[in-house]
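Down below is the structure, laid out as structure tokens.
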Amino acid sequence: MAIKLVHVADIHFGMENYGRLDPETGLNTRLIDFRNAFNYVIDQALQMKADLMVFAGDAYRSRDPSQTHQREFATCIRRLTENGIPVVLLVGNHDLPNSAGRATALEIFRTLGVENVIVADKPEIHTIKTKSGSVQVAALPWVTKSHVMTRDEYKNMTLDQLNDVISRKCSEIIRNFAENVNPKIPAVLTCHASVNNARLSTEQNIMIGQDLTLMLADLTLPAFDYVALGHIHQFQNLNPSGNPPVIYSGSIERVDFSEEKEEKGFVVVNLSTRKTTYEFREIPTRKFLTIRVDADVSNPTEEILDAIQNHEIKDAVVRLIYEISEHRVHQIDEKKIMDALNAAHYVAPIVRQITQREFRIRQSQLTEELGPMQALKMYLETQDNIGKDRSEKLRQAASELIKKVQEEQDVYVPN
């Protein structure tokens with residue numbers, strides 16, 4: 001009989017950028033978004049009568065979450081435990097304190113003796129009894145360099161050398177897990193870490209560059225039936241052509257625009273010895289939308305308004321980026337643009353990109369020897385943003401102006 005396991009990670013309660021105060025609850029709307037996303041996962045787990053949830057790290061955005069964030073997270077976890085679903089809480093980098101000796105953000109569950117909650121804050125194999133049978137969960141939480149650097153033999157190492165040392169130690173721990181799990185009981189390896197060939201979003205690529213990196217070969221040991229990973233926000237299977245599945249479930253909500261096009265969700269695992277299958281399930285989340293406009297036209301405000309109208313912005317987090325020449329900036333009506341964006345949940349700071357476009361004479365005959373009317377005619381023909389009707393009006397106005405100058409000053413102006 002397969003065991004129904006729910007794999008989720010990177011919940012990040014407290015990620016409140018692009019949010020505002022909700023007047024009904026007093027909470028930041030982005031906290032509500034993340035809570036709704038996690039509750040959606042829990043609703044699905046209860047509906048399918050899941051046997052176990054493995055949370056692969058990063059419950060909070062901050063190492064020191066507020067009481068409100070802790071309350072909201074604990075309320076969600078209680079919905080699972082009260083319905084008899086055990087939860088493994090792996091400690092991620094955002095769950096660790098800034099200094100040794102301080103409690104992790106998840107340790108309170110163990111201190112209070114919350115039933116059906118296993119806090120995995122050290123390398124250890126946990127055997128968990130579920131309603132469908134026992135499961136072994138080999139847990140490798142986030143590894144900090146600071147603990148290793150306190151030893152004399154490592155103090156003078158470079159960052160790369162230190163990462164190599166920790167990587168080898170992690171490899172030894174995982175191999176030790178593999179040697180000690182019972183082959184007759186389904187076994188899950190869960191880690192909060194970077195793996196060498198994982199895909200990263202732009203923002204994470206910057207942030208994770210100096211992380212300890214595990215080798216995929218260390219995770220694909222046949223002793224494990226499923227590998228549940230956290231830390232990287234894109235869903236992906238790093239071992240698509242083999243066993244065990246090595247899965248990043250991804251984050252449950254978008255944290256910034258680098259994740260704009262990513263699906264957010266969790267993984268449902270049918271776990272059994274050597275016959276594990278899995279399914280990614282998408283979570284309905286807050287839409288992030290970037291609107292890019294080339295506004296270097298005769299009426300830039302209208303061009304931007306048309307672009308906004310062509311997108312569904314209701315309840316979305318919207319970012320507007322437009323290009324414009326410096327001499328047209330004064331034509332932008334910012335109030336009209338903000339009014340057009342009013343239906344959005346949140347409008348990120350509007351980005352104006354000034355283009356430096358060289359003036360080019362497209363007619364070699366356009367010289368100082370030409371009369372003003374001839375020069376004006378040639379100039380107007382080089383301007384793509386001036387229509388035929390407006391061009392004719394400009395020429396007529398110029399002709400009248402020249403005629404007036406001739407009459408008042410009694411001078412000859414050549415055509």
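With respect to (1) of a type outside the set (Lys, Arg); (2) in the same structural domain as residue 58 (by TED's automatic domain parsing); (3) under 20 Å from residue 29 (Cβ atoms); (4) modelled with pLDDT of 95 or more, the lone exception for residue 347 is condition (2).
Within region 1-42, the residues that satisfy the criterion of being charged (D, E, K, R) and either within 19 Å of the chain's Cα centre (by Cα) or crowded, with 22+ Cβ neighbours inside 10 Å (or both) are 10, 16, 20, 30, 33, 35. Just the residues that are modelled with pLDDT under 95 and not in a loop (DSSP other than H, G, I, E, B), please, taken from region 82-103. Matches in region 82-103: 93, 94, 95.
Could you check how many residues of region 309-323 are touching a residue at least 60 places away in the same chain (Cβ under 8 Å) and among the basic types (Lys, Arg)? Give the steps one after another, and end with the answer.
Let us first name the residues in region 309-323 that are touching a residue at least 60 places away in the same chain (Cβ under 8 Å), namely 317, 319.
With the extra rule that they be among the basic types (Lys, Arg), the set shrinks to 319.
Matching residues across region 309-323 total 1.
Under the condition of being in contact (Cβ under 8 Å) with a residue 24 or more places away in the chain, touching a strand residue (DSSP E or B) at 6+ places or on another chain (Cβ under 8 Å) and of a type in the set (D, E, K, R), which residue from region 17-38 is farthest from residue 120 (Cα to Cα)? That would be 20.
Quick check on region 105-122: of everything there that is in a loop (DSSP other than H, G, I, E, B) and within 17 Å of residue 231 (Cα to Cα), which residue is modelled with the lowest pLDDT? Of everything passing the filter in region 105-122, 105 is modelled with the lowest pLDDT.
Please state which one of 313, 283, 308 is more than 22 Å from the chain's Cα centre (by Cα), buried (at least 17 other Cβ atoms within 10 Å of the Cβ) and modelled with pLDDT of 95 or more. That would be 308, the only listed residue that is more than 22 Å from the chain's Cα centre (by Cα), buried (at least 17 other Cβ atoms within 10 Å of the Cβ) and modelled with pLDDT of 95 or more.
Within region 40-54, is there a residue that is of a type in the set (D, E, K, R), part of a loop (DSSP other than H, G, I, E, B) and at pLDDT below 95? Among the residues of region 40-54, not one is of a type in the set (D, E, K, R), part of a loop (DSSP other than H, G, I, E, B) and at pLDDT below 95, which makes the answer no.
The values are calculated or read from the model by the stated rules, or taken from the named source; none is laboratory data. Keep in mind that this is a model prediction, so the values were computed, not measured. Don't worry about glycine lacking a Cβ; one is built from the backbone with ideal geometry, like all the others, and counts go over all protein chains shown.
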